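Note sheet for the following structure.
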Amino acid sequence: MNSFETNIARLTRRDSALAAALRQREGGALEIVPARTGVMSARINGRWIHSAYDPIKEAQAWAEGQSYQDGETMVVFGVGLLYHVEALCARLPRTASIVVVAPDLNVVVDAAAARVWGDWMDRVSWAWGTTEAIGEQVAAAGQPLRLVTYAPAAAFYTDSHRAIETVLQRGVASKAGGQLSIAVVGPIYGGSLPIARYAVSALESLGHRVRWLDHSVHATSYHQLELLKNSQHRLALQSKYAEMLSRITMAQLAEDPPDLVLSLAQSPLILPALEHLRRKKFLTAMWFVENYRHLTYWQQLAAGYDFWFVIQQESCISALKQAGAKDVRYLPMAADPSVHRPVDLTQAEQDEYGSDVSFVGAGYANRREIFPRLLGHEWIFKLWGNEWNGATGLTPVLQRNGARIDTDTCQKVFNASAVNLNLHSWGGTGFDPDGDFVNPRTFELAACGAFQLTDRRALMPALFTESEVATVSSPDDLPGEITRWLREPEGRVAMAAQARRRVLAEHTYPHRMRELLSHIGVASPDRIGSILRGTRQAGALASAAGDAFPSVASTLGTFPSTQRVELKQLAAQIRSRGPMGTLSREDLMVLMLDEYRSETKDLV
Amino acid sequence: MAHDEDTTARRLLIQLARLGDLVQSLPAIVSLATRYPHQSLDLLCPAPLVDLARLFPEVGRVIKWNGIRWHTWAESFAGEFQPSCLREVERYLAELTPEPYSIAYVLNHHPRAILAGALLAAEVQGPNLHGPLNHELSPWAVYLRQVAHQRGSNRIHLSDTFCGLCGVNPPRTPPVFIPSTSNLSGDLAEVGTSAGQWVAVMVGAGDADRSIPIEVWSEWISLLLAHESPCGVVLIGSERDQYAALAIQDGLSPMIAGRVWDATGRTTLPQLATLLKRCHWAVGADTGPLHLAAAVGTCAIGLYFSRARVHETGPYGEGHWVWQADCASPAMWPIQASVKMIREPSTIPQQEPVAGWSLWQSSHDEWGAIFRRVDENDPVEDQRAAIWRQLSEQRRPLQGVR
């Protein structure tokens, strides 16, 4: 019997459906090549997926590097010739549950034909079939899940793996019940400041305990530094100022250590502070709501955060990874429907804010170049926003002498305009040829139920269809498209309504925050994941303490059963018995651990 | 006390602070051993100090307190309570002692030391009268707190207050321990082997504000070695003091650099004890190695400033010297005067005054260590006997925590 038959016979005992499915496949996904040590190795499209010299040693090194906690299910992405799975089985206790994800059964056929599997295969479960089926099989294997990736083999199936992870995240999100403590670190000023506010509100609406470390209170002092004429002094002091704000942030975090530190773009946490936080076992995440091509300070911070969430796709993700980021995910912008919503305007408001065509935003180069083409037409064009100095041709349409427009006014303009232009900013002329991400204004306009005409963006189709948001491919087409849509009021209303429905269904900040936490929960099953699952709640902890630690169980019983309890709270509860309180040996152990915990979190 | 006559009673002394505190606990250890000659006395101390503590007289078993392990548990929690972790803690504590001690003497007013006492012994004697949750202090702890806040006229040495905390009197004679003959590597083996005065210089200190400036040391060593008689200087310190040691040597003339042995970061604590024993003098700020030098019988000269006070933490024993600064950050240092003490010991009683400093010499009596001013110009009356009597009268029965 050849190795394929031997392996399929073994597999049949464990998963006969998979064994039968493998017999239907022909294989051929892998090119099997002997390694220098004599065992089989493999390539895909000429790229080695196992060592060309010693695949077994390489797999052992990989397995050694994987974290594991008792009770977890290890979910392995990347199949190849399964040397790494064999090594993982050898490393983990026999009770460990291991699931291998197989999006392409042809690879498994090749693996079965290349070498005979040993007893270790009897410990392995398989997740295969459609994305949804794989998600269900993995979820059924038991919680908590720890996802591990054998990158050389997984690299050829990234889309499938991402889709499977999304399914798993959805599972985490749907079961999320535990309350996290989250510190949101905002910027001093700028476009990410309102996003920080929306994120805070969204996280609170999801039931988490959120502390906003709001650095906008320092904006006045910071702007004073911008007045310094000597650029050397200005830059040096701004850098010192950012360092000081970073220290302030650390002091704030030390006072009430959160489960997760979530920074918004431009937050003043510097790399040494992030490294210190990591040493102190804080989990950190950054939602980089900026164009990575324009603002490049991410290069200095990439390695500092545990998780990056970005509004651009592949090129951005690989650039961050190259700069040292370990985990980077796409997380597009969104809207807060409690802020951006349809409003009934008075006639006076309609007169003031209304127009046929409007734009709200700053005077970037591409807009300065395009908007003059919209003058002199039959429609009324109103331009709102600041930083339009020098654009004299646009003065007749510029409202309020180019004053900064607040959110409330913005919302009224959106609601009052027939066609809201939404031109993404760019430093060149025309539309950004690399335009990929979708800006917040797109979601905000949609949330207002306002019609918008937007420049074409690469990532738009996945977020809004052509029947939800109208797009235009070239500045030359803009006047024609405006004319067309002004003549189709019913079409505008229908599109705007559909866009709003889409936002409410998929693109609010709670959606984004749930996705962000689900990803972090899947990636850190023993920390954020366990809190989200509710295993840190008093009731669950009391059950775990059980008969072995009756005194601790009894103290835990004094908390509401769904309240999350940390060591700190448990120790405080014990101390609250007062000077005459009696202490059991377990109580003393808890108090001693808490003494060391308090030092662990000493950040300043 | 119930265990006084019980020969099976097991006693544990807990000292979880740094080297200096551990060495200054020796008088309490010796006094406890004298008071309870037929009962075992074990010592719990931080893991890095265990090898040194094993050389102490009168100590049965030295138990290692593994702070790193506790830190690891605390960090692995990442803030969340995990009942499973308590099992590991339980196993660890059982490894330390399968049965609880009859009594633990806690010498630090720190929650960890107090909790360790409560975890490892049936009864605890120390700063707290009624266990970890009750902050009512014992009379000696109250006295220590007053000294820390007011200082003033205190003349009772920290080592002797440790004795008080343990319910025993100070030892009749200051304890001296003889380090085992540890192998010293390379050039350090030469220390103390040739004729002349060997002087250990304590380069660093626990905190930066307690370190003697590098340029002061360079000048001090230059002056000492400028003398015609053969003399050797050994620089003492940990790894983190190596940079300071190099800087001191950079400030020396090449002509004398050959008479300086740099031992910073090159010795274990038992080796350090051996090295200090081989020296005739030890000079430095109020540091662990200075106390270690005094404990192995080497004559110590302390330069006390910042928060250091001669009466509280001067080198314990007889015949040691301390230059006490009038202020926390002295502008000038008794360099010539202290070098002269080594070169011409017979002239010490005739020492010229040094502005901003006073010179004190240690002696020992039934109330422990006492430092007397060389110029006999101490305005404070020695009230140790009265304080000991008063605090002893206030002693209360021991309290268990369970």
- Add -39500 (n - 2.57) for each DSSP H run of 4 or more in chain A, then divide by its residues: what number comes out at 222 nm, to the nearest 500 deg cm²/dmol? -13000 deg cm²/dmol
- Query: Helix B:139-150 sits at what angle to the longest principal axis of chain B, using alpha carbons and giving 0 to 90 degrees rounded to 10?
  - Reply: 40
- Item | Percent of beta bridges antiparallel (DSSP, chain B, rounded to nearest 5) | 25
- Cα-based Rg and Dmax for the stretch A:181-330, in Å, come out at 15.1, 48
- Of all DSSP beta bridges in the stretch B:249-402, antiparallel share, percent nearest 5: 60
- Shape box of the stretch A:231-295 [Cα atoms, principal axes, largest first, Å]: 39, 26, 16
- Note on the structure: Cα-Cα pairs in the stretch A:485-580 separated by more than 15 Å, as a whole percent of all pairs, come to 73
- Task: Based on alpha-carbon positions alone, could you give the equivalent ellipsoid semi-axes of the stretch A:3-175 from the gyration tensor, as √(5λ), descending, whole Å?
- Result: 24, 18, 16
- Please work out how much accessible surface A:Met244 shows to a 1.4 Å probe, ignoring ligands, DNA and RNA, in Å² rounded to 10. 90
- Query: Modelled label-to-label distance, B:Cys327 and A:Glu490, 7 Å Cα→beta-carbon offset: nm?
  - Reply: 9.2
- Message: Which of B:Ser306, B:Ser329, B:Ser25 ends up with the largest GNM mean-square fluctuation for chain B, with Cα atoms connected below 10 Å?
- Response: B:Ser329
- Task: Select from the stretch B:40-115 those trypsin sites (Lys or Arg not before Pro) which occupy a DSSP coil region and have at most 16 other Cβ atoms within 10 Å, ordered by residue number.
- Result: B:Arg54, B:Arg61
- Calculated FRET value between A:Ser598 and B:Asn377, using beta carbons and R₀ = 35 Å, to 0.05: 0.15
- Message: Can you compute the label reach from A:Lys326? Point 7 Å from Cα along the Cβ direction, backbone N cut-off under 17 Å, restricted to the stretch A:144-158.
- Response: A:146-151
- Query: When chain B is modelled as a GNM with alpha-carbon springs shorter than 10 Å, which of B:Ala104, B:Ala282, B:Ala121 fluctuates the most?
  - Reply: B:Ala121
- Computed Kirkwood radius, in angstrom, where 1/r is averaged over Cα pairs of chain B: 22.3
- Item | Label-point separation, B:Glu58 to A:Ala90 (7 Å along Cα→Cβ), nm | 5.7
- From the phi of every residue in the stretch B:205-212, what ³J(HN,Hα) in whole Hz does the Karplus formula 6.51 cos²θ - 1.76 cosθ + 1.60 yield, where θ is phi - 60° and glycine or proline is x? 8, x, 10, 4, 6, 9, 8, 7
- Query: Out of the DSSP beta bridges found with both residues in the protein assembly as shown, what percent are antiparallel (nearest 5)?
  - Reply: 20
- Candidate aspartates and glutamates - alpha carbon under 15 Å from A:Lys382, same-chain residues fewer than 8 apart omitted: A:Glu349, A:Asp351, A:Glu352, A:Asp356
- Task: Assuming R0 = 60 Å, can you tell me the calculated FRET efficiency for the pair B:Glu95 and A:Ala365, based on Cβ-Cβ distance, to the nearest 0.05?
- Result: 0.25
- Between beta-carbons, use under 14 Å as the cut-off and find the net charge around A:Asn386, counting Lys and Arg +1, Asp and Glu -1. +2
- Task: Taking GluC sites (Glu not before Pro) as candidate sites, keep only those in a DSSP loop with at most 14 other Cβ atoms within 10 Å, then name the longest stretch of chain A containing none of them.
- Result: A:27-377
- Message: Can you tell me the mean projection area, over all orientations, of the convex hull of the stretch A:347-507's alpha carbons? Units nm², please.
- Response: 8.8
- Item | Rh by Kirkwood over Cα pairs, then Stokes-Einstein D for the stretch A:537-600 at 0.692 mPa s and 37 °C, µm²/s | 278
- Within the set of other residues whose C-beta is less than 12 Å from the C-beta of A:Gln573, count the net charge using Lys and Arg as +1 and Asp and Glu as -1. 0
- Query: Using DSSP loop states and a limit of at most 12 other Cβ atoms within 10 Å to flag trypsin sites (Lys or Arg not before Pro), what is the longest stretch of chain A containing no flagged site?
  - Reply: A:230-403
- Cα shape, the stretch A:100-161, gyration tensor, a/c 1.5 rule: oblate
- For the protein assembly as shown, which semi-axes, largest first and in whole Å, follow from the square roots of 5 times the eigenvalues of its Cα gyration tensor? 67, 39, 30
- Measure up A:Lys280/A:Lys568; A:Lys568/B:Lys64; A:Lys57/A:Lys281; A:Lys240/A:Lys321 against 23 Å on the Cα-Cα distance and list the ones that go over. A:Lys568/B:Lys64; A:Lys57/A:Lys281; A:Lys240/A:Lys321
- Which FRET efficiency value, to the nearest 0.05, do you get for A:Thr392 and A:Arg47 by plugging their Cβ-Cβ distance into 1/(1 + (r/R0)^6) with R0 = 51 Å? 0.35
- Be a star and scan the stretch B:265-297 for residues whose amide nitrogen sits under 12 Å from the point 7 Å along the Cα-to-Cβ vector of B:Ser180. B:270-271
- Mean projected area (nm²) of the alpha-carbon convex hull when the stretch B:20-141 is viewed from all directions: 8.4
- Message: Suppose a student asked you for the relative contact order of the stretch A:3-175, using Cα pairs under 8 Å spaced at least 6 residues apart; what percent would you report?
- Response: 26
- Message: Starting from the 7 Å offset along Cα-to-Cβ, what nm value, one decimal, do you get for the label separation of A:Ser3 and A:Leu459?
- Response: 4.3
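The values are calculated or read from the model by the stated rules, or taken from the named source; none is laboratory data. These numbers were taken from a predicted model, which means no experiment stands behind them. Reconstructed Cβ throughout: ideal geometry from the backbone, glycine too, with neighbour counts over all protein chains shown. All accessible areas refer to the heavy atoms of the entire protein, side chains included, with ligands and DNA or RNA removed. Shrake-Rupley method; radii C 1.70, N 1.55, O 1.52, S 1.80 Å.
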